[in-house]
1. Assuming Met82 fulfils every condition listed in (1) out of contact with any Pro (no Cβ under 8 Å at 6 or more places or on another chain); (2) surrounded by 11 or more Cβ atoms within 10 Å (Cβ to Cβ) apart from one, which condition is it?
2. So which of Arg16, Arg9 is outside any loop (DSSP other than H, G, I, E, B), free of Cβ contacts under 8 Å to residues at least 40 places away in the same chain, surrounded by fewer than 12 Cβ atoms within 10 Å (Cβ to Cβ) and not small (Gly, Ala, Ser)?
3. Can we say Ala38 is surrounded by 12 or more Cβ atoms within 10 Å (Cβ to Cβ), out of contact with any His (no Cβ under 6 Å at 6 or more places or on another chain) and either more than 19 Å from Lys63 (Cα to Cα) or among the aliphatic types (A, V, I, L, M) (or both)?
4. Could you grab me the full set of residues in the range 59-79 that are out of contact with any Pro (no Cβ under 9 Å at 6 or more places or on another chain) and over 16 Å from Val43 (Cβ atoms)?
Amino acid sequence: MTKPNRRSRTFRRVYRKTPGGKTVLQYKKRKPARAVCADCGAVLAGVPRERPYKMQRMPKTKKRPERPYGGVLCSKCTRKKMIAKARQ
């Protein structure tokens, strides 16, 4: 029987083959939800879907796109915002 704290669906069940040739069930934490645009709610491209401990080890340039509002707004909303700011 598994540990009581591993019985919930909080953990993903992953089958892994051990060096001894046995297939065992491992419990992994789930990935977080995808990053979404603050304006329109579209899924952001170029933003990885990783757990915080993996994000900490990643270089800054891999965490979000290198543009204004990168990682916050999608490219369409960024374009609209820049055009609106230029008009003022």
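The values are calculated or read from the model by the stated rules, or taken from the named source; none is laboratory data. What you are looking at is a predicted structure, and each value in this text was computed from that prediction instead of being measured. Here Cβ is always computed from backbone atoms with ideal geometry, including for glycine, and neighbour counts include all displayed protein chains.
1. Failing condition for Met82: (1).
2. Details: Arg9 fails: outside any loop (DSSP other than H, G, I, E, B).
Unique residue meeting the criteria: Arg16.
3. yes
4. Pro59, Lys60, Thr61, Glu66, Arg67, Pro68, Arg79
Residues are listed down the side, and each one gets a yes or a no for (1) at pLDDT below 95; (2) closer than 28 Å to Val14 by Cα; (3) assigned to a helix (DSSP H, G or I):
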site	(1), (2), (3)
Asp39	yes, no, no
Ala45	yes, yes, no
Thr61	yes, no, yes
Pro68	yes, no, no
Gly71	yes, no, no
Cys77	no, no, yes
Ile83	no, no, yes
